[in-house]
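The values are calculated or read from the model by the stated rules, or taken from the named source; none is laboratory data. Please read all numbers here as calculations on a predicted model, not as lab measurements. Every residue, glycine among them, receives a Cβ derived from its backbone with ideal geometry; neighbour counts consider all protein chains shown.
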Protein chains: 2
Amino acid sequence: MADGPAPQGGQSLLFLTDEQLRKGIEAMYFAYRGFTADPDRILQDKDMGRAHHRAIHFIHRSPGTTVSNLMAILGVTKQSLNRVLRALIETGLVEARVGRKDRRERHLHLTAEGAALERELSDAQRERMRAAYRTAGPVAVAGFRQVLEAMMDDDIRRQYEALTERRTT
Amino acid sequence: MADGPAPQGGQSLLFLTDEQLRKGIEAMYFAYRGFTADPDRILQDKDMGRAHHRAIHFIHRSPGTTVSNLMAILGVTKQSLNRVLRALIETGLVEARVGRKDRRERHLHLTAEGAALERELSDAQRERMRAAYRTAGPVAVAGFRQVLEAMMDDDIRRQYEALTERRTT
DNA sequence: CTTGGAATGTCAACATCGCTGACGTATTGT
DNA sequence: ACAATACGTCAGCGATGTTGACATTCCAAG
C-alpha cells in the first residue's frame with residue numbers, strides 16, 4: 001500500500017521535517033479532543049467518565065473477557081479498574097459471571113441496559129468518525145490507520161492486532 | 001476476510017462500515033497512548049504531567065502568548081491553567097512578563113531551562129512521530145492529517161489552522 | 001491434605017488535572 | 001468615576017490514575 005509516489009533517490013523527505021512533525025503532533029492532540037468529546041458529554045450526566053466508556057467498549061467487543069484481560073488491554077491497575085467495574089456492576093450495566101473452568105475468574109458481560117449505553121456511546125463516536133472518514137475519503141483513511149498503527153507501542157500493537165484478528169468477518 | 005457486498009457506484013463505501021469505524025476508534029485510542037507515552041515518562045520524574053507538557057508546547061510555539069490565549073487553546077479553565085503555570089514559573093521554566101501595551105496581560109516565555117525541557121520532550125515525541133511517518137510513507141501521512149483535521153470540532157479546527165497559518169513561510 | 005501461588009476484591013492514602021464558585025487586584029477604556 | 005477586562009487565588013469537589021497492604025477463593029503441585 002501507499003508505495004505510489006515513492007521518494008525517488010531521497011528526493012521528497014519533506015514530510016519528515018520538524019515542521020511537518022509538529023503539525024502532526026498538534027493535529028493528534030486536537031483531534032483526540034474531538035474524538036472523546038461526544039462520549040464524554042453523554043457520560044457526564046450519568047456520573048461516569050472515560051474510564052467507564054473504555055471498559056464498556058472492550059467488554060462489548062470481547063464478551064466474557066476476564067478482569068485480567070481488561071487490565072492488560074486498558075493498561076491500568078486492578079484497583080483503578082475495580083473501582084470502575086464496581087460502579088458498572090452496581091448500576092446493572094455489567095454482569096460478572098464466575099468462570100466455569102476456573103472459578104477464580106470473572107467473565108464480564110454487558111447487560112441489556114449496558115448494551116444500550118454502549119450503543120449510545122459508540123453511535124456518537126462512530127458518527128464523528130464516519131463523518132471524518134467520508135470527508136477524507138478511503139485513501140486518506142488507509143493512511144490514517146497506517147500511521148496510527150506505526151505510532152503504537154509494540155506490545156500494544158500486538159494486542160490491537162489480536163483484537164482485530166479474533167473477529168470472524 | 002475479503003468478502004464484499006456490492007460496491008456502490010464507482011467508489012466502494014466499504015471503508016465506512018461499522019467494523020472499519022471501530023477499527024479506527026481503537027487505533028485512535030491505542031495510538032494516543034503511544035503518542036503520550038514518552039513525554040509522560042520523562043515528566044513523571046519531575047513532578048509534572050501532561051498539562052505541563054501542553055503548556056510548555058504552546059508557549060514554545062507562540063512565545064509571548066497570554067494566559068487567556070493559552071486557556072482558549074488548551075480548553076481549560078484559568079484555575080487549572082494557573083495551577084500549572086504557577087509550578088512552571090516557580091521552577092524557573094517559564095517567565096511571565098507584564099504586557100507593555102496592556103499591563104494586565106502576562107506574556108509567557110520559556111526560560112533557557114524551559115526551552116531545554118521543551119526540546120527534550122518534543123524530541124522524544126517527534127522521534128516517535130518521525131518513525132511512524134517514515135514507516136507509513138508520505139501518502140499515508142497526508143491521509144492521516146486529513147482524517148485528524150476532519151475529526152476536530154469546528155472551533156478547535158479554526159484554532160489549529162490559525163496556529164499553522166501564522167507559521168507557514 | 002496441605003500449601004503455594006494465581007486471580008480477584010478491598011481499604012487506605014495520595015497525586016494529577018479537570019471543574020465551579022467566589023473574591024480580590026490591577027488596569028483599561030468610556 | 002465607573003464598568004469591564006485580565007489575571008491570580010482560595011476553597012472544595014470529582015474522575016482517574018498510582019502504591020501498598022491484606023483478605024478471599026480456588027487450582028494445582030508436593
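Among residues of the stretch A:131-144 being of a type outside the set (Ser, Thr, Tyr) and surrounded by fewer than 18 Cβ atoms within 10 Å (Cβ to Cβ), the one that is nearest to A:His60 (Cα to Cα) is A:Ala131. Step by step: first the residues of the stretch B:57-70, then only those that are in a helix (DSSP H, G or I), under 22 Å from B:Ala115 (Cβ atoms) and more than 13 Å from every other protein chain (Cβ to nearest Cβ), then the one that is farthest from DNA strand D (Cβ to nearest atom). Which residue is that? The extreme case among them is B:Ile59.
Being without any contact (Cβ under 8 Å) to a residue 60 or more places away in the chain, touching a helix residue (DSSP H, G or I) at 6+ places or on another chain (Cβ under 6 Å) and in a helix (DSSP H, G or I) narrows it down to one residue among B:Ala115, B:Ala124, B:Ala132; which is it?
After applying the criteria, what remains is B:Ala132.
Would it be correct to say that B:Thr36 is more than 10 Å from every other protein chain (Cβ to nearest Cβ) and at pLDDT 95 or above? It is false that B:Thr36 is more than 10 Å from every other protein chain (Cβ to nearest Cβ) and at pLDDT 95 or above.
Listed conditions (1) out of contact with any helix residue (DSSP H, G or I) (no Cβ under 6 Å at 6 or more places or on another chain); (2) modelled with pLDDT of 95 or more are all met by B:Arg97, apart from (2). Just to be sure, is B:Gly75 away from chain A (no Cβ under 12 Å) and surrounded by fewer than 19 Cβ atoms within 10 Å (Cβ to Cβ)? No, not satisfied.
Taking the criterion of being more than 14 Å from DNA strand C (Cβ to nearest atom) and part of a helix (DSSP H, G or I), the only residue of the stretch B:90-112 that qualifies is B:Ala112. Only one entry of A:Arg103, A:Arg128, A:Arg50, A:Arg41 meets the criterion of being buried (at least 19 other Cβ atoms within 10 Å of the Cβ) and of a type in the set (D, E, K, R), and that entry is A:Arg128. Does B:Val98 count as surrounded by fewer than 18 Cβ atoms within 10 Å (Cβ to Cβ) and of a type in the set (A, V, I, L, M)? The answer is yes for B:Val98.
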